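Asks: Right, I'll just put the structure down here and ask away after.
The values are calculated or read from the model by the stated rules, or taken from the named source; none is laboratory data. Here the structure is a predicted model, which means the values were calculated and not measured. Cβ atoms come from the backbone with ideal geometry, glycine included; neighbour counts cover every protein chain shown. SASA here: full protein model, heavy atoms, side chains in, ligands and nucleic acids out. Shrake-Rupley method; radii C 1.70, N 1.55, O 1.52, S 1.80 Å.
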Amino acid sequence: MKIITTNIGEKKEVIWKGKPMTTGIFKFSVDTPIFLDNEEVKGDTICDRKHHGGIDQAMYAYSVKHYAYFKALHPDLDWQLGMFGENLTMGDLDETKMHVGDTFKVGEAILEVTKPRQPCKTLGVRFNDMKIVKQFWNTTFSGVYFKVLQRGFVKAGDVFEQTKSCRENLTIAQIYQEKRVRKGM
């Protein structure tokens, strides 16, 4: 797996259904390395600390390969990498092959796979269409949250080198599908 882009976002206020909402989901590619810290990506805005950031969700990665599926469903959007709120857009991230506890060295950092992303209203706001939330749930394209075991800089072009495999644990896709079933999606 290789990093295609590194993405960060600033605090942005939007009006959704007549009400103001503050979000950090509007992320865009940056040309400089980003620093993965213990509970967040430095310089990236997190507005809802209850559901984002923290030890088990310090960094979010998403596969560029998943974009084609959603582009077909939303062809009129101005598509840019980082649209799903990911800090790292990856070349070949596959949730069906990544197990909780798998560990990777990338750039100066060491990361551990923790959990899938659960889509929420904020993703719908980013796409200006709440249909994306159910469409997202109806795939295994959840992306992956990581815990930062060793802090450090990463940049576009850096390669994820697996240092530990936990095949005895569930994959990210299996956990995501179980959550979808429990939610009745």
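Asks: What is the diffusion coefficient of the stretch 102-179 in µm²/s, taking the Kirkwood radius over Cα pairs and the Stokes-Einstein relation at 10 °C with a viscosity of 1.306 mPa s?
Replies: Working: Rh = 14.1 Å.
For the chosen part, D equals 112 µm²/s.
Asks: Please report, to two decimal places, log10 I(q)/I(0) for the stretch 1-75 at q = 0.19, 0.24 Å⁻¹ as given by the Debye formula with identical point scatterers on the Cα atoms and no solvent.
Replies: One equal scatterer on each Cα of the stretch 1-75 leads to -0.97, -1.20.
Asks: With labels modelled as points extended 7 Å from the Cα through the Cβ direction, what inter-label distance (nm, one decimal) is found for residue 139 paired with residue 166?
Replies: The modelled label-to-label distance comes out at 2.5 nm.
Asks: How do 51, 99 stack up against each other in accessible area, from largest to smallest, with a 1.4 angstrom probe?
Replies: Details: 51 100, 99 20 Å².
Largest accessible area first, the list is 51, 99.
Asks: Another question about this same structure. Can you give me the accessible area per residue for the stretch 24-66, using a 1.4 Å probe, in Å²?
Replies: 48 Å²
Asks: Still on this model: Give, in nm to one decimal, the length gained when the segment between residue 182 and residue 151 is fully stretched (0.36 nm per residue of separation minus the Cα-Cα distance). Please list the in-between numbers first.
Replies: Working: separation 31, 0.36 × 31 = 11.16 nm, distance 3.44 nm.
Working it through step by step, the gained length comes to 7.7 nm.
Asks: Percent of accessible area on the chain owned by carbon and sulfur, 1.4 Å probe?
Replies: Values: 4530 of 9180 Å².
Ligands and nucleic acids excluded, carbon and sulfur give 49 percent.
Asks: Quick one: Karplus J couplings for the stretch 106-113, per residue in order, coefficients 6.51, -1.76, 1.60, θ = phi - 60°, nearest Hz, x for Gly and Pro?
Replies: 8, x, 8, 9, 10, 10, 10, 5
Asks: Next up: When the helix-only estimate is applied to the chain (DSSP H runs of n ≥ 4, each -39,500 (n - 2.57), divided by the residue count), what is the mean residue ellipticity at 222 nm, nearest 500 deg cm²/dmol? It would help to have the intermediate numbers written out before the result.
Replies: Working: 4 runs with 33 residues, N = 185.
Calculated at 222 nm, the ellipticity per residue is -5000 deg cm²/dmol.
Asks: Classify the stretch 36-185 from the C-alpha gyration tensor, please: rounded if a/c falls under 1.5, else prolate or oblate depending on whether a/b exceeds b/c.
Replies: On the way: a/c = 1.56, a/b = 1.32, b/c = 1.19.
Cα axes put the stretch 36-185 in the prolate bin.
Asks: If you don't mind, there's one more thing I want to ask. For an R0 of 35 angstrom, estimate the FRET efficiency from the Cβ-Cβ distance between residue 32 and residue 130 and round to the nearest 0.05. Don't skip to the end; give the middle numbers.
Replies: Working: r = 34 Å, r/R0 = 0.97.
Here the calculated transfer efficiency is 0.55.
Asks: While we're on this one: Over the Cα atoms of the stretch 52-132, what Rg and Dmax result, in angstrom?
Replies: So, for the stretch 52-132, Rg and Dmax equal 13.7, 38 Å respectively.
Asks: While we're here: Is any residue of the stretch 28-61 close enough, with backbone N under 14 Å, to a label point placed 7 angstrom from the Cα of residue 11 along the Cα-Cβ axis, and if so, which?
Replies: Residues passing the 14 Å test: 43-49.
Asks: Still on this structure: I need to check one value: relative contact order of the stretch 78-184, counting alpha carbon pairs closer than 8 Å and at least 6 residues apart, in percent.
Replies: Values: 168 pairs, mean separation 40.8, N = 107.
It comes to 38 percent, rounded to a whole number.
Asks: So for the pair residue 51, residue 174, with labels modelled 7 Å out along Cα→Cβ, what separation do we get in nm?
Replies: Once both label points are built, they end up 2.7 nm from each other.
Asks: Provide the per-residue ³J(HN,Hα) series for the stretch 123-136, in order, calculated from phi with Karplus coefficients 6.51, -1.76, 1.60 and θ = phi - 60°, each as a whole number of Hz, with x at glycine and proline positions.
Replies: Whole-Hz 3J(HN,Hα) from phi for the stretch 123-136: 5, x, 5, 4, 8, 6, 6, 5, 4, 4, 4, 5, 4, 5.
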